[in-house]
Each structure stands twice: as structure tokens, then as C-alpha cells.
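The values are calculated or read from the model by the stated rules, or taken from the named source; none is laboratory data. Since the structure is predicted, the reported quantities are computational estimates derived from the model, not experimental observations. Cβ atoms come from the backbone with ideal geometry, glycine included; neighbour counts cover every protein chain shown.
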Amino acid sequence: MNLERIQQALQEERLQGWLFYDFRRSNPIAHRILELPREQMFTRRWFYWVPAQGKPIALVSAVEPHVLRSLPGEQRIFRSWQELHAQLRDLFQPGWRIAMEYSPHNAIPYLSLVDAGTIELVRSYGVEIVSSADLAQHFVACLTPQQIASHREAGRRLIAAKDRLLEELTSDLQAGRTLTEYSVQQRFLALMRAQGLLVEEPPLIAVNGNAGNPHYAPTAEHHSPIQQGDLLLIDFWARLPEAEAIYADYTWMAFVGRQDEIPSRQREVFALVCQARDAGLDFIRQRLATAQPLQAYEVDDVVRAVIARAGYGEAFVHRSGHSITTAEHGEGAHLDNLETHDERRLLPGTCCSLEPGIYLPDFGVRSEINLLIHEREVEVTGVPMQHEIVPLL
């Protein structure tokens with residue numbers, strides 16, 4: 001736990017403190033920021049108050065007085081709920097602004113980790129509770145230089161595996177070999193692992209109408225053949241097999257045939273997705289270059305507007321991008337004003353995907369790149385970016 005860094009962040013946000021609360025590991029963000037032991041048992045409520053200045057205070061049950069002993073500061077033990085309420089009241093002064101893992105109107109459900117009753121209890125002491133959404137990003141989503149390097153390397157290896165897969169598919173098609181979504185998935189899985197990547201879930205391989213389902217995944221029992229004239233969506237992600245390595249996550253489109261055989265509508269829809277992707281990227285670049293505030297939902301608005309203006313708004317059924325950390329879908333800001341209203345800032349040192357898609361009954365398309373957010377610029381990984389569907393023949 002980095003107490004100095006937490007208190008510095010609180011002072012920058014002009015907050016009097018951060019109140020962490022947990023019951024039976026209901027608050028994974030608190031556990032991660034406070035670096036609590038994963039193997040330890042937590043069966044009772046606890047609070048941990050970190051003031052903007054001064055020593056923290058832990059409130060722990062007499063049944064489990066040991067659970068926060070690894071943390072700095074004073075420990076206070078409660079037995080009854082009345083004692084807990086009294087000790088909580090003593091932590092604050094009326095009018096203080098404090099952070100908790102709470103999101104107004106559940107706008108960001110990933111941050112709505114403290115139950116409504118606990119929020120009511122703390123508010124009854126005359127304090128204003130603000131969301132810890134941006135505060136938490138500094139500790140769960142901002143990457144170290146080593147982690148950024150691990151993301152870049154994972155991206156390079158993934159693209160190399162993808163390029164090898166497409167070469168092999170071309171050879172197989174020319175030789176008349178039978179291909180299915182499942183067989184291609186398993187081959188790609190082997191190619192990624194041959195690159196020294198940790199692949200915990202197989203890639204998504206989908207043809208034609210199956211690609212109209214954003215999370216369609218073939219299995220040994222349920223899959224479709226891959227044949228001449230099919231449109232192929234390939235979604236793949238992995239990370240280096242080292243502690244705290246960061247994922248890379250990309251999507252590419254291919255066509256089982258020659259360039260001139262790709263249907264015009266598929267070309268047009270994919271070009272539209274690329275236009276939307278590039279509009280979002282340009283918007284991020286402009287905001288960062290001019291040091292303007294950049295909130296995640298704004299990027300989604302820009303990307304989605306391109307697709308909506310072309311008449312495909314209803315077919316873009318997911319957010320424009322997600323946070324990437326040691327988890328494929330991380331705890332940082334998501335480019336989202338559809339599924340949620342994510343007002344979190346895109347902070348320097350964070351990583352996210354940018355992946356608009358259009359999903360129709362007979363085919364679906366998506367283009368996915370990853371972005372490393374820097375102080376005044378954005379870095380794209382998964383390059384070169386795809387601008388045309390790749391013909392396999």
C-alpha cells in the first residue's frame with residue numbers, strides 16, 4: 001500500500017479522505033489498492049479510513065482483529081453494531097467530502113461496490129460521499145513502465161501470430177483442405193502459445209452470421225465450416241507469462257476469396273467501422289495534444305456518431321472500448337456511453353481498446369486496436385491498423 005501516493009491524490013482532488021469498506025470481499029478495488037493478502041479469510045465488515053493528512057484508522061471486528069494489521073495507522077476494534085456506528089461517527093466532521101467505491105445512479109457498475117445501506121449510514125454523519133472512480137484508476141489502472149513494455153511486446157507477438165495464421169489459412173485454402181471455425185481457433189491458440197504468450201481463453205473465430213454475435217465462440221460441438229466466399233472475424237488476446245504483465249487485445253477481418261470477390265456491402269460496412277475508429281483516435285489525439293480534459297464517454301459519443309449517421313446505430317450494440325490491465329477487461333475507464341455512462345478520465349499511463357463494430361443478421365465486422373494513453377499523446381498498438389478486409393486468396 002502506497003500511503004503517500006494515496007494522500008497526495010486525495011489532496012489533489014481536494015477531498016478530506018478515502019473510506020474503504022468491505023464485507024466478505026465485496027470490494028475487490030479496496031483489496032487491490034490496500035494490497036491485502038489474497039489467502040486471508042474475511043467474514044466481517046471492516047472500514048479503513050485514509051485521511052488526506054495524518055494517520056489512517058482501521059475499524060475491525062473483535063472476531064477478526066487481525067485482518068488489517070498489515071496496514072499502517074491506528075486500529076480500533078468494535079464488537080457491536082452500536083460500537084461500529086459510534087466509531088464511524090468519530091472519524092468525520094460534518095461537511096467533509098470523502099471518497100468511497102460508489103457511482104451515482106449506478107452509472108459505472110464496476111465502481112458501485114459499497115451497498116446503499118452503508119452509503120446511507122456514512123451520509124448520516126453529515127459528510128458528502130463522492131465517487132472514487134478517478135482516484136481508484138491511479139492505483140488499479142495506471143501502468144508502470146515495465147507493464148507498458150509488456151503490453152507492447154504482447155502486441156508484437158500477437159500480430160506475428162495473426163500474420164502466421166493468415167499465411168497458413170491461405171496455404172490450406174489453395175490446397176483444398178477443410179477448415180472450420182473450431183479448427184482455426186485451435187490452430188491460432190497453438191500459434192499464440194508458440195510465441196510464448198499466456199492465453200487463458202481461446203480466440204473468437206466467427207464466419208458470416210456468427211460474426212453478427214459480438215461474443216460468439218466456436219466449440220468442438222458447435223461450429224461452422226469456413227468456405228469460399230465467407231467473411232471471417234478473428235478476435236484474439238493474450239499477455240506475457242510474467243507477474244503483472246498487461247494484456248493486448250485485437251480484432252481483424254478476413255475474406256475467404258480474392259480481393260475483387262469481397263461483396264461491396266461488406267467493404268462499405270467495414271470502411272465505416274474503420275472511419276468510426278479513426279474518428280475516435282483523432283478525437284483523443286486532439287484532446288491530449290491541447291491538454292483538454294478527456295472523459296471516456298466522450299470518445300464513445302464520437303465513435304458512435306459516425307456509425308449512427310450512416311444508419312447503423314442500432315447495429316453497434318456494445319461500448320467503443322474497454323480498459324486493459326493485468327485483466328483483459330480491466331478496472332480503468334471504459335469508452336462507454338451506451339452500456340454505462342463512464343465519466344472517468346482517460347489518465348496518462350492507462351491502456352484501453354478502441355473497437356467499434358457493426359453486427360447484422362448475415363455478417364458482423366469489428367476493428368480493434370489498443371491505445372496507450374500518454375501525457376500529451378496516444379500510442380497505438382496492434383499496428384499496422386487494418387483499413388481493408390484481408391483477402392485470403
Discussion item. Go through the stretch 337-357 and report how many residues are surrounded by fewer than 23 Cβ atoms within 10 Å (Cβ to Cβ) and part of a loop (DSSP other than H, G, I, E, B).
Written reply: 9
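Are any residues in the stretch 4-22 touching a strand residue (DSSP E or B) at 6+ places or on another chain (Cβ under 8 Å) and surrounded by 14 or more Cβ atoms within 10 Å (Cβ to Cβ), and if so, which ones?
First pass over the stretch 4-22, keeping only residues touching a strand residue (DSSP E or B) at 6+ places or on another chain (Cβ under 8 Å): 6-7, 10, 13-22.
Scanning the stretch 4-22 gives ILE6, GLN7, LEU10, GLU13, LEU15, GLN16, GLY17, TRP18, LEU19, PHE20, TYR21, ASP22.
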Discussion item. Looking at the structure I just gave you, is ILE205 within 22 Å of the chain's Cα centre (by Cα) and of a type in the set (A, V, I, L, M, F, W, C)?
Written reply: yes
Item to complete: Could you check the stretch 167-255 for strands (runs of 3 or more DSSP E) lying wholly inside it with 2 or more residues that are at pLDDT 95 or above and surrounded by fewer than 19 Cβ atoms within 10 Å (Cβ to Cβ)?
Response: none
Fill in: Residue check, GLU331 at pLDDT 95 or above, among the charged types (D, E, K, R) and either under 15 Å from TYR247 (Cα atoms) or not in a loop (DSSP other than H, G, I, E, B) (or both)
no
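Counting residues that are touching a Ser or Thr at 6+ places or on another chain (Cβ under 8 Å), which helices (runs of 4 or more DSSP H) fully inside the stretch 63-163 reach at least 2?
Where helices (runs of 4 or more DSSP H) fall fully within the stretch 63-163 and carry at least 2 residues being touching a Ser or Thr at 6+ places or on another chain (Cβ under 8 Å), they are 133-140.
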Fill in: From ARG38, ARG76, residue being at pLDDT below 95, assigned by TED's automatic domain parsing to the domain that holds ALA133, on the phi < 0 side of the Ramachandran plot and basic (Lys, Arg)
ARG38
Item to complete: Inspect all residues belonging to the stretch 45-67 and state whether any of them is hydroxyl-bearing (Ser, Thr, Tyr) and modelled with pLDDT under 95.
Response: no
Worksheet entry | Any hit, the stretch 126-142, residues being without any contact (Cβ under 8 Å) to a residue 12 or more places away in the chain and in the same structural domain as LEU84 (by TED's automatic domain parsing) | no
